[in-house]
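Read the structure below first, then the notes.
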Ligand code: ADP
């Protein structure tokens, strides 16, 4: 007598639910095989996976009493029921395998199991067969209803296998990305270290030469010094990124007036602003110099990077404002411009290392896409936060918060301050 309709339905629902909560593949496939045997009143069930290289099937799951015997057994693609079902991508029921040439008898010999009848269905993922599921020895003949049940279970098993494959792929690509990232950091560390010494010599000697030679060659020597200095800046940026990533950078904090840092940094950009006829406004509350315990060198770099960008990406005659204000538990600083702005699609990425907005004529500006990522890490090292609001064609506003009571993310022992 066939299994009751209600039992059948509730078992299938249970397995479908199990699919969405599946943690491990093996117990899930085992429960599918048990259901396949029970719901079709078969003696046994197994799941075979196809290997494209050897063109054979191996037993992914089989009843425990056969597992050891057939764990290394292979079923050929040609000359087996599994192979026929796999190639035809359709189920096959055989009531008496002794009368069918397609039956591969070697497995019975190995396992000591006697196969009388068989129902086999393909496991298909995105139209491609990946294996088969088989049930054996029903007392009566296999029916259309049994085929339907096995096909349903086969599609659940195929989805579970696919999920498992995808998960493994994601894990291995995450692993690869991590390894590549490590390689990149190592490369940055070695390259910047190796370049620093010869570059220091070039700068030193050319500065010395500038003193010695007359004005005749001043332009050429100045060009060497200018370009070598630029290379030095690039190397410093690269090694800063590496140091922050590896925790090799320390916060040397002391009480500093953020108001004064803002003034000093702005003063160094005065010429750049003037050249582009950009109005540079500083807005800091009167009678509040914004004292806070920070690493002034790092916060000056943050402000320089933000200000340099604001002036670079604002057209002539534009406006840039730097604001500093005291808040309850932090100091808030923003750099706002009415320049090109950043397209919405790029906004979540601008703090990534080496990211540049293509449409920003970045080639002409010649940056490396490191300024913002360095700024963000430096602010985060102080336990603060840096973010951006921007509208393309309207302007950008970069804001950072520095907590007044530092809870730096790096455990740093007290350092003597050396300017
Ligand atoms: P870079 O040193 O190349 O400027 P950053 O990390 O400082 O790199 O900035 C990344 C990118 O973000 C820039 O190339 C630019 O496209 C965009 N960007 C940064 N600041 C601004 C700004 N104030 N206005 C418009 N775009 C900006």
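Residue check: residue 342 meets all listed conditions (1) more than 8 Å from the ligand (Cβ to nearest atom); (2) in contact with a helix residue (DSSP H, G or I) (Cβ under 9 Å, 6 or more places away or on another chain) but one, namely (1). No other residue among 155, 192, 173 is out of contact with any helix residue (DSSP H, G or I) (no Cβ under 6 Å at 6 or more places or on another chain) and more than 24 Å from residue 38 (Cβ to Cβ) apart from 173.
Just to confirm my filter: which strands (runs of 3 or more DSSP E) fall fully inside region 253-359 and include at least 1 residues that are at pLDDT 95 or above and surrounded by fewer than 19 Cβ atoms within 10 Å (Cβ to Cβ)?
Details: elements: 254-257, 279-284, 291-294, 319-326, 330-337.
It comes to 279-284, 319-326, 330-337.
A Cβ distance below 9 Å, combined with a sequence gap of six or more or placement on separate chains, defines the contacts here; from region 381-400, residues that are free of Cβ contacts under 8 Å to residues at least 24 places away in the same chain reach residues that are within 11 Å of the ligand (Cβ to nearest atom) and not in a strand (DSSP E or B) in the pairs 385/376; 387/351; 387/376; 389/347. When residue 293 is tested against the conditions (1) in contact (Cβ under 8 Å) with a residue 60 or more places away in the chain; (2) under 23 Å from residue 310 (Cβ atoms), the lone failure is (2). Evaluate region 286-306: report whether one residue or more is more than 12 Å from the ligand (Cβ to nearest atom) and more than 27 Å from residue 257 (Cα to Cα). Looking through region 286-306, none of the residues is more than 12 Å from the ligand (Cβ to nearest atom) and more than 27 Å from residue 257 (Cα to Cα).
A count restricted to region 366-386 and to residues that are within 11 Å of the ligand (Cβ to nearest atom) and not in a loop (DSSP other than H, G, I, E, B) stands at 6.
The values are calculated or read from the model by the stated rules, or taken from the named source; none is laboratory data. Since we're looking at a predicted model, the values are computed, not measured. We place every Cβ from the backbone using ideal geometry, glycine too, and count neighbours over all the protein chains shown.
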